[in-house]
Each structure stands twice: as C-alpha cells, then as structure tokens.
Amino acid sequence: MTAQAALRTARLRLVPLAEEHLEAEVGLDADPEVMRYLTGRASTRAEAEARHRERLAVAARVPGLGFWAGFLADEFVGWWILEPPERPDQGPVAGQAELGYRLRRRHWRRGLAGEGARELLRHGFADLGLRRVFAETMAVNTASRATMAVLGMTHVRTFSLDLDDPLPGSELGEVEYAITRDEWLAREAVGPGGPGPASA
Ligand SMILES: CC(C)(COP(=O)(O)OP(=O)(O)OC[C@H]1O[C@@H](n2cnc3c(N)ncnc32)[C@H](O)[C@@H]1OP(=O)(O)O)[C@@H](O)C(=O)NCCC(=O)NCCS
C-alpha cells in the first residue's frame, strides 16, 4: 500500500488530512482546553497553519501513515494520527507508529476518540503490517491515558523531555503506552474491545 487509506467506523468517517481541513484545524487548536496538555494555550492562526503544513508532510514520510480528519455525519470531530517515530528513544521507524488524537471539546466523552483509534490500530496492524504502536502524553493528561488504556495499550515508561517551555504538570513527566501486534491479535480473538464480558 502506498497512499493513505480512507477509513470508517460505526459513527466516523476518517479521511486523509488535506488542504480543505485547514479551517477546522485552526478552530480546534484555538480552544485552550484542547491545547491544555500540548502548548497550554490557544494557538494563533499562524501557528495552526504551520502545524497544518507539518501534518500534511507526515503522510509523505512513510507510505500509509499520516493524519486522518474525522467526521460525524458532515461535522468535523477532530483528528487521529499514526506517525512514524521521530526521536531516537522511540525506537526504529520500521514497523512502528505513534498513535495520537485531538478532538473538539463538544465531542469529548462520547467514545469517539477510542472508536477512531481502534480503527487506526486495526488499520496499522492488519493493513499496514505494523509490529508496534505506541502513544505518548503528559503523565497528568488523564483523558489521553484513559483512552490509551481502553485500547489495550499498557504503560511502558515514564520519562522526561528536555522542554524549553515546560507546562504545569510536566514535573511529573511524560508517559509512553504501547501495544504490539501480538497483543492486539490476542484482544481481537476475544471479541471487540478486548477481554471483558464478551470473553466470559
Ligand atoms: C484525549 C481525548 C482525545 C479523549 O477523547 P474522548 O472522545 O473524550 O475519549 P473517549 O470518549 O473515546 O474515551 C476513552 C476512554 O477515556 C475515558 N476518558 C475520556 N476523558 C476522560 C477524562 N477526562 N477523565 C477520565 N477518563 C476519561 C473515557 O471514559 C473512556 O474510558 P471508558 O470506555 O472506560 O469509559 C480528548 O480529551 C481530547 O481531545 N483532549 C485534548 C487533546 C489531547 O490532550 N490529546 C492527547 C494528547 S497526547
């Protein structure tokens, strides 16, 4: 596979990020609550435009990986990402991707981040042949960590980044969660959502 695929879930349409999504990204990053554990403040239009160009460039780095814009009916919900590792401590680029997500606040706590991410894990392991998917966030980002956990990702390490402009809470570090292809396959074998009532 070379191009980034369009994906679907029960509720979401996930399309490769494109120029036409710029305004939606500007709106998303203008919410300081959305950006609380990313930069700690609303992004300016210029910052959001710069991030948009960087996001589009991700799709060119490794075939199949990139950002997906998510839509509920025709409404922009946010984005999901499978991105190649960037730092040496994240391990090899081959066979690995970093999972991420950022949703508009009005759509939080409806299971949508998990729903989209579950499809990205399926796509990454089953279609793209990834061996390991990891995710990182600030240790204090409870919502992001809870989303990683419902996906069957487990805590690998807590670590520090050498940040120029540390955010409140960064003294507690960053966390990495991960799931391997074998772990994902084992969860799939016991039914949607992994071990739980479905396996009883
Ligand atoms: C992180 C984020 C994407 C979660 O989105 P969401 O759609 O609300 O998540 P979901 O509804 O799919 O929830 C997934 C799990 O996390 C839990 N969860 C979500 N937000 C939570 C919170 N604030 N506190 C505790 N648990 C939370 C949910 O209860 C669910 O677990 P469950 O199935 O056991 O109930 C959203 O909060 C967001 O966009 N935050 C801002 C951007 C950000 O920080 N992104 C991550 C940066 S690394």
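Would you call Ala6 closer than 19 Å to Glu83 by Cα, more than 15 Å from the ligand (Cβ to nearest atom) and within 18 Å of the chain's Cα centre (by Cα)?
Answer is yes for this residue.
Could we say that Trp68 is on the phi < 0 side of the Ramachandran plot, in contact (Cβ under 8 Å) with a residue 60 or more places away in the chain, touching a Lys or Arg at 6+ places or on another chain (Cβ under 6 Å) and outside any loop (DSSP other than H, G, I, E, B) here? So that I can check it myself, show each step before the final result.
Values: on the phi < 0 side of the Ramachandran plot: yes; in contact (Cβ under 8 Å) with a residue 60 or more places away in the chain: yes; touching a Lys or Arg at 6+ places or on another chain (Cβ under 6 Å): no; outside any loop (DSSP other than H, G, I, E, B): yes.
So Trp68 fails the test.
Can you confirm whether the stretch 3-10 contains a residue that is among the hydroxyl-bearing types (Ser, Thr, Tyr), open to solvent by less than 70 Å² (accessible area, probe 1.4 Å), touching a residue at least 40 places away in the same chain (Cβ under 8 Å) and farther than 18 Å from Arg106 by Cα?
Looking through the stretch 3-10, at least one residue is among the hydroxyl-bearing types (Ser, Thr, Tyr), open to solvent by less than 70 Å² (accessible area, probe 1.4 Å), touching a residue at least 40 places away in the same chain (Cβ under 8 Å) and farther than 18 Å from Arg106 by Cα.
Would you pick out the residues in the stretch 14-65 that are of a type in the set (Val, Ile, Thr) and in contact (Cβ under 8 Å) with a residue 60 or more places away in the chain?
Correct list: Val34, Thr39.
In the stretch 31-70, which residue that is open to solvent by 50 Å² or more (accessible area, probe 1.4 Å), of a type outside the set (D, E, K, R) and more than 29 Å from Leu130 (Cα to Cα) is farthest from the ligand (Cβ to nearest atom)?
Among those that are open to solvent by 50 Å² or more (accessible area, probe 1.4 Å), of a type outside the set (D, E, K, R) and more than 29 Å from Leu130 (Cα to Cα), it is Ala46.
Could you list, in sequence order, the residues of the stretch 93-124 that are more than 16 Å from the ligand (Cβ to nearest atom) and either modelled with pLDDT of 95 or more or open to solvent by less than 10 Å² (accessible area, probe 1.4 Å) (or both)? Don't jump to the end; show me each part of the working.
If we filter the stretch 93-124 for residues that are more than 16 Å from the ligand (Cβ to nearest atom), which is where we start, we get 93-96, 123-124.
Listed by number, the residues that qualify are Gly95, Gln96, His123, Gly124.
Under the condition of being touching a Gly at 6+ places or on another chain (Cβ under 8 Å) and assigned to a helix (DSSP H, G or I), which residue from the stretch 125-183 is surrounded by the fewest Cβ atoms within 10 Å (Cβ to Cβ)?
Checking each candidate, the answer is Asp127.
Looking at Leu128 and the list (1) touching a strand residue (DSSP E or B) at 6+ places or on another chain (Cβ under 6 Å); (2) in contact (Cβ under 8 Å) with a residue 40 or more places away in the chain, which single condition is not satisfied?
(1)
The values are calculated or read from the model by the stated rules, or taken from the named source; none is laboratory data. In this text, all values refer to a predicted model and were calculated from it rather than measured experimentally. Virtual Cβ from ideal backbone geometry, glycine too; neighbours counted across all protein chains shown. Quick note on the areas: whole protein, heavy atoms, side chains included, nothing else; ligands and nucleic acids left out. Shrake-Rupley method; radii C 1.70, N 1.55, O 1.52, S 1.80 Å.
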